[in-house]
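What follows is one structure encoded as structure tokens, with my remarks underneath.
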Amino acid sequence: MTDIKDHTISDDENGNGNGIITGFVTVSGSRRNWYALYTLPRAEKRVKESLEQNGVECYLPLHRSPRVWSDRVKMIDMPLFNSYIFVNCKVSEIFQMNKIKGVVRIVFYDGKPAMIRQKEIDAMKIFIEEAAGKVLCEGDEVEILTGSMKNISGKITKIKKKYIMLHIKQLMATVCVNLENVAPLNRIR
């Protein structure tokens with residue numbers, strides 16, 4: 001075993017020295033690692049479908065986010081990182097990913113494909129799960145997204161199936177608002 005700058009080189013099973021550099025990047029070997037791909041804007045979901053059709057394990061972290069149209073508000077699954085998707089493959093296979101429609105380039109670090117550690121992928125998955133489980137509770141501050149009271153914030157006093165009662169301090173009034181028309185203040189800002 002030899003140390004080179006903050007990286008450790010391990011010999012392969014035959015002792016050839018053709019092993020894996022551990023640290024920030026991998027150089028050779030048959031081990032699968034996570035790598036980041038940069039995609040065209042708003043093409044992450046299409047790239048994910050193409051990768052899965054080609055048998056490539058990939059991860060696209062998505063979060064629910066309110067999107068406002070002139071007539072409605074809808075909760076949409078949006079990428080956590082715009083224009084990025086993560087793939088699990090061998091370093092020898094990563095360069096084939098450039099051929100997938102919608103992939104702009106492989107993300108590099110120090111002249112080599114940037115490797116993402118499994119614990120970082122796991123941390124993203126845990127974060128997404130915990131964020132998805134967060135629901136509105138009485139006492140939460142929310143902002144109205146549409147209508148004549150757009151951008152006005154208030155505190156939730158009661159939650160029904162499709163509506164909430166919202167106390168608006170500026171008006172000293174309580175109003176009934178559709179759940180789809182509000183979003184937590186910390187989620188918007």
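The values are calculated or read from the model by the stated rules, or taken from the named source; none is laboratory data. No experiment lies behind these values; they were computed from the predicted model shown. All Cβ positions, glycine included, derive from the backbone under ideal geometry; neighbour counts span all protein chains shown.
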Just to be sure before I move on: is ILE156 crowded, with 16+ Cβ neighbours inside 10 Å and without any contact (Cβ under 8 Å) to a residue 40 or more places away in the chain in the structure I sent? yes
For the range 4-19, state whether one or more residues are more than 30 Å from LEU179 (Cβ to Cβ), at pLDDT 95 or above and outside any strand (DSSP E or B). no
Only one of GLY111, GLY102, GLY133 is modelled with pLDDT of 90 or more, of a type in the set (Gly, Ala, Ser) and loosely packed, with under 15 Cβ neighbours inside 10 Å; which? GLY111
Looking only at the range 75-100, filter to residues that are assigned to a strand (DSSP E or B) and either among the hydroxyl-bearing types (Ser, Thr, Tyr) or closer than 14 Å to ARG42 by Cβ (or both); which one of those is nearest to the chain's Cα centre (by Cα)? PRO79
